[in-house]
Amino acid sequence: MRKANVVIAGAPGLVGLQIARVLEDHRDLLPLGKVRLVASGRSAGQELSLLGRAYPVEALGEDAFEDMDFAFFATPNDVSAKYAPIAAAAGAVAIDKSSFFRMQEEIPLVVPEVNPGAITSQTKIIASPNCSTIQLVMALAPLERAVGIERVLVSTYQSVSGSGREALEGLEAEAQAYAGGEEIPPQAYAQPIHMNVLAQCDSFLPDGFTKEERKLRLETRKILSRPSLRIAATAARVPVRISHSEAVTVELRHPLKADEARRLLAAQPGVRVVDDPDQGLYPTARMAEGIDDVLVGRVREDPDEPSVLHLFVVADNLRKGAATNAVQIAEAIWQSRQ
Ligand SMILES: NC(=O)c1ccc[n+]([C@@H]2O[C@H](COP(=O)([O-])OP(=O)(O)OC[C@H]3O[C@@H](n4cnc5c(N)ncnc54)[C@H](OP(=O)(O)O)[C@@H]3O)[C@@H](O)[C@H]2O)c1
């Protein structure tokens, strides 16, 4: 069987490193041929290991995509914007983790368990959604299919790794300074993140929402093919290293018992129900760290509205929220071509 040649742009970053780990874990689903790791000039010359081999990190250039089947972009928007079309023109399928292409009409925005049909044989650039959106739609999709959704309200508790390597280093620096009885200026955010909760993820928009809150709204609508779905978000950053948590209120078209919702959620590939309050069991950030599943628990019927349910949804933002979803897109395309 032919093997897939892959290039990872932004390989030493938090998402890029995780793409390499997921490719190792999923090697039976996507057998790897040639591998190239590229990044900015800052990391060129480093070595990273993949499947027991050391690969050099090269500076990203236009020649990185020759003879590649897949180009994963774990890079800032401007880098993806410039190089994804170059990768596509060279014959690779570009799978982008940045937000640059996501809302462009002709670009599929894909969570493979939810809307795999958005990928066609013509697709050359595919956007992978925002981390907080991926875990949300994984929990909403089975409810939407079974009874239909009228409205969604979501509050997020997002980890610092969602802002990249420098933000995570900033949290560690703040924590170290604090332990030594000092305060240092905030490293990656407008205010200190250590021992704090910031009601801000990304920058503010004129309507008072943040860009992260807008992404949750617009990307969910696009993935579920519900362009006028009523949905609003409040996104907060918390001093957790990995995994985003979300409190989700869903108004359905018809009443649905919590037990039936748990059954529907458990049947959704990629979702695991963790909901045993008597045993103190519900999804946590640390429980989700390092795994691909989206964890859902605290499923409750609203005390006033029979068609409203409340859920708690947690996932590793670097795995299903980023790397795993991107690799699964490549796997779906690879399998469709065999
Ligand atoms: N973190 C998450 O949970 C998450 C989730 C979903 C989507 N995303 C998105 O995924 C992308 C990567 O995020 P991250 O968290 O991995 O960020 P990160 O840790 O800061 O890593 C960014 C990577 O991009 C590379 N890069 C920056 N400028 C470049 C340039 N001019 N040419 C080539 N490479 C360049 C960096 O190279 P060097 O190593 O050389 O510095 C680094 O490897 C971003 O668009 C982010 O919004 C992140």
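List of remarks:
- SER43 being out of contact with any Leu (no Cβ under 8 Å at 6 or more places or on another chain), polar (S, T, N, Q), on the phi < 0 side of the Ramachandran plot and open to solvent by less than 60 Å² (accessible area, probe 1.4 Å): yes
- Residue match in the stretch 122-141 (condition: modelled with pLDDT under 95 and more than 24 Å from ALA267 (Cβ to Cβ)): yes
- With respect to the stated conditions, PHE72 fails to be within 12 Å of the ligand (Cβ to nearest atom), outside any strand (DSSP E or B) and either surrounded by fewer than 19 Cβ atoms within 10 Å (Cβ to Cβ) or in contact (Cβ under 8 Å) with a residue 12 or more places away in the chain (or both).
- In the condition set (1) under 22 Å from the mean Cα position of the chain (by Cα); (2) within 16 Å of the ligand (Cβ to nearest atom); (3) without any contact (Cβ under 8 Å) to a residue 24 or more places away in the chain, LYS97 is compliant with all but (3).
- Meeting the requirement of 2 or more residues that are at pLDDT 95 or above and of a type in the set (S, T, N, Q), the helices (runs of 4 or more DSSP H) wholly within the stretch 231-338 are 324-337.
- All positions within the stretch 143-169 that are open to solvent by 10 Å² or more (accessible area, probe 1.4 Å), at negative phi and not acidic (Asp, Glu): ARG145, ALA146, VAL147, ARG151, LEU153, SER155, TYR157, GLY162, SER163, ARG165, LEU168
- Residue, nearest to PRO108 (Cα to Cα), within the stretch 192-217, restricted to residues that are outside any loop (DSSP other than H, G, I, E, B) and open to solvent by 60 Å² or more (accessible area, probe 1.4 Å): ARG217
- Residue within the stretch 21-40 that is of a type in the set (Ser, Thr, Tyr), in contact (Cβ under 8 Å) with a residue 12 or more places away in the chain and open to solvent by less than 30 Å² (accessible area, probe 1.4 Å) present: no
- Residues that are assigned to a loop (DSSP other than H, G, I, E, B), touching a helix residue (DSSP H, G or I) at 6+ places or on another chain (Cβ under 8 Å) and open to solvent by 10 Å² or more (accessible area, probe 1.4 Å), drawn from the stretch 106-120: PRO108, PRO112, GLU113, VAL114, ASN115, ILE119
The values are calculated or read from the model by the stated rules, or taken from the named source; none is laboratory data. Model, not experiment: these values are computed from the prediction. Glycine gets a Cβ as well: all are built from the backbone with ideal geometry, and neighbour counts include every protein chain shown. Quick note on the areas: whole protein, heavy atoms, side chains included, nothing else; ligands and nucleic acids left out. Shrake-Rupley method; radii C 1.70, N 1.55, O 1.52, S 1.80 Å.
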